[in-house]
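The values are calculated or read from the model by the stated rules, or taken from the named source; none is laboratory data. Note that the coordinates shown come from a computational prediction; the quantities given were computed from them, not determined experimentally. Neighbour counts run over all protein chains shown; Cβ positions are idealised from the backbone, glycine included.
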């Protein structure tokens, strides 16, 4: 499950907030986690369920100098700050087919075993699936499991994700494009784990603005840093849309 | 919602009925087929060299002595066997070379890596060397026009010593596939491993790309089992003349 970078190090996650991105439309959650890790200067402490994700390796995506440039990064990594009480699991590749349930179970077990304070899922949903009422206003929504304080977000004026009417008066959660968000949310509700889902409606494309919005909303709630009025982008975000056209062609 | 046939369905629309259902995991069956009667014997070499793809496979076949075949890992699919990785040992017996030129579905890679390390035991002193290739069109940089092709880049696990002569693979470039799976396994299990990626102009090997890895032939483990230069040049000629590696449209 969790493999530490250095086997002699131990970590106390009690009262730490665990943040997980959903692998969802536009990779908004993953981009938001990149912003958190880079701007809060979180320390890499290990790997989480690497064998459940498609393999991928690269050098340090958050390097700031030549010193820390060449350290190997894998598909899933855990970043932590004990002073800011935050732990982020960054997921960089899709889940292996059929492993979604296994991942959600492993995550909830790890959450309970290490006594994290709460689980925050950063996610996104297909913008084209919005109902008429959702077309108006902000695309940002939240969800919280039954173990959370229901009054928590009243002061921020955030909108909760509306349930869909499926006929006969039945209403269900409808989360197309959200990856494992719904499954993890349901599992947390059943296991009495406080899970808050922050999500936005979006379409595939340049999803940096949505990622910044999601991170700002999270920071508005958790106040990780008051200095974070503008978010710096990690160097791994260069060439998100390929190389620039060579000048020689003009 | 009324569907095409008029019945009333308890869903909003057929198009959005499926909220990304998770497909069932299919456990692939990989088995070890030894060339002799060694059965399930586990090898414990000093070096494990793995070449993935046509260019690295061509490099090993042209520059190294790969006469001693140890066996293959094959995939059983609908009672049909398909060779996935061929295993060879060096004349000194301290190096095991693995060659894989077959495309493997990414979902099956972890099972394959597990099988490789069941066949080859990597202890504290074992070093793993991985060779991979990709086209330069997948390489991200600000100054692509200044690069002379083909070129090598490397990645290494934290246990591996520094590689001074070859540049590191810079962000945002990454490696995927079988070599990434092996590198991940090595990083998690504290095994010293280095991955060398050759960026080429073409997908299939040509004379220049087959020589790109020759930077490594002066280093361990290649320098002890490399063939003489004249021999490797004639092997390159023969290799490129074979129809499978010929790049004309009119074969």
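Can you pull out every residue in segment B:219-245 that is farther than 26 Å from residue B:137 by Cβ and either without any contact (Cβ under 8 Å) to a residue 60 or more places away in the chain or assigned to a strand (DSSP E or B) (or both)? Within segment B:219-245, B:219, B:223, B:226, B:228, B:229, B:230, B:231, B:233, B:234, B:237, B:238, B:241 qualify.
Of the residues A:40, A:31, A:36, the single one that is farther than 27 Å from residue B:154 by Cβ, surrounded by fewer than 22 Cβ atoms within 10 Å (Cβ to Cβ), under 16 Å from the mean Cα position of the chain (by Cα) and touching a residue at least 60 places away in the same chain (Cβ under 8 Å) is A:40. Among the conditions (1) crowded, with 16+ Cβ neighbours inside 10 Å; (2) under 17 Å from residue A:39 (Cα atoms), the only one that residue A:193 does not satisfy is (2). Here the condition is being crowded, with 22+ Cβ neighbours inside 10 Å, closer than 30 Å to residue A:45 by Cβ and either without any contact (Cβ under 8 Å) to a residue 12 or more places away in the chain or in contact with a helix residue (DSSP H, G or I) (Cβ under 7 Å, 6 or more places away or on another chain) (or both); of B:216, B:178, B:210, B:169, it holds for B:178 alone. Exactly one residue among A:83, A:64 is more than 9 Å from every other protein chain (Cβ to nearest Cβ) and either crowded, with 21+ Cβ neighbours inside 10 Å or out of contact with any helix residue (DSSP H, G or I) (no Cβ under 9 Å at 6 or more places or on another chain) (or both), and that residue is A:83.
For segment B:117-143, a residue qualifies if it is closer than 30 Å to residue B:41 by Cα and surrounded by 13 or more Cβ atoms within 10 Å (Cβ to Cβ), and the qualifying residues are B:117, B:118, B:119, B:120, B:122, B:126, B:127, B:128, B:129, B:130, B:131, B:132. Evaluate segment A:172-186: report whether one residue or more is under 22 Å from residue A:154 (Cα atoms), within 14 Å of chain B (Cβ to nearest Cβ) and assigned to a helix (DSSP H, G or I). Looking through segment A:172-186, at least one residue is under 22 Å from residue A:154 (Cα atoms), within 14 Å of chain B (Cβ to nearest Cβ) and assigned to a helix (DSSP H, G or I). Cβ-Cβ distance below 7 Å, separation of 6 or more or different chains: which pairs start in segment A:141-170 with a residue that is touching a residue at least 40 places away in the same chain (Cβ under 8 Å) and end on one that is in a helix (DSSP H, G or I) and surrounded by 10 or more Cβ atoms within 10 Å (Cβ to Cβ)? Qualifying pairs under 7 Å: A:143/A:185; A:145/A:185; A:145/A:188; A:145/A:189; A:146/A:189; A:156/A:220; A:156/A:221.
So, in segment B:45-80, of the ones that are loosely packed, with under 13 Cβ neighbours inside 10 Å and in contact (Cβ under 8 Å) with a residue 12 or more places away in the chain, which residue ends up farthest from residue B:126 (Cα to Cα)? Looking at residues that are loosely packed, with under 13 Cβ neighbours inside 10 Å and in contact (Cβ under 8 Å) with a residue 12 or more places away in the chain, I get B:77. Just one residue in the set A:111, A:116 is under 14 Å from residue A:2 (Cβ atoms), part of a loop (DSSP other than H, G, I, E, B) and more than 9 Å from chain B (Cβ to nearest Cβ); that residue is A:116. Here is a check on your reading of the model: is residue B:108 in contact (Cβ under 8 Å) with a residue 60 or more places away in the chain and either over 30 Å from residue B:238 (Cβ atoms) or surrounded by fewer than 18 Cβ atoms within 10 Å (Cβ to Cβ) (or both)? It is true that residue B:108 is in contact (Cβ under 8 Å) with a residue 60 or more places away in the chain and either over 30 Å from residue B:238 (Cβ atoms) or surrounded by fewer than 18 Cβ atoms within 10 Å (Cβ to Cβ) (or both). Scanning segment A:226-250 for residues that are assigned to a loop (DSSP other than H, G, I, E, B), more than 7 Å from chain B (Cβ to nearest Cβ) and modelled with pLDDT under 75 yields a total of 4.
When you check residue A:63 against the structure, is it touching a residue at least 12 places away in the same chain (Cβ under 8 Å) and under 15 Å from the mean Cα position of the chain (by Cα), yes or no? No, not satisfied.
When A:78, A:96 are checked against the criterion of being touching a helix residue (DSSP H, G or I) at 6+ places or on another chain (Cβ under 7 Å) and touching a residue at least 40 places away in the same chain (Cβ under 8 Å), a single residue qualifies: A:96.
Take the conditions (1) farther than 18 Å from residue A:93 by Cβ; (2) touching a residue at least 40 places away in the same chain (Cβ under 8 Å); residue B:132 misses just one of them, which is (1).
For segment B:166-193, a residue qualifies if it is part of a loop (DSSP other than H, G, I, E, B) and within 21 Å of residue A:63 (Cβ to Cβ), and the qualifying residues are B:166, B:167, B:169, B:170, B:171, B:172, B:173.
Only one entry in B:69, B:38 is more than 27 Å from residue B:151 (Cβ to Cβ), touching a strand residue (DSSP E or B) at 6+ places or on another chain (Cβ under 8 Å), modelled with pLDDT of 85 or more and not in a helix (DSSP H, G or I), namely B:69. Annotation for segment B:87-95: no member residue is surrounded by fewer than 21 Cβ atoms within 10 Å (Cβ to Cβ) and within 14 Å of chain A (Cβ to nearest Cβ).
Can you find a residue that is more than 9 Å from chain A (Cβ to nearest Cβ) and within 15 Å of residue B:122 (Cβ to Cβ) anywhere in segment B:136-157? Checking segment B:136-157: not a single residue is more than 9 Å from chain A (Cβ to nearest Cβ) and within 15 Å of residue B:122 (Cβ to Cβ).
Tell me the residue from B:203, B:163 that is more than 13 Å from chain A (Cβ to nearest Cβ) and assigned to a loop (DSSP other than H, G, I, E, B), please. Step by step, each of B:203, B:163 is checked, and only B:203 is more than 13 Å from chain A (Cβ to nearest Cβ) and assigned to a loop (DSSP other than H, G, I, E, B). Run down A:105, A:129 and say which single residue is in contact (Cβ under 8 Å) with a residue 40 or more places away in the chain and facing chain B (nearest Cβ under 9 Å). Answer to the selection: A:129.
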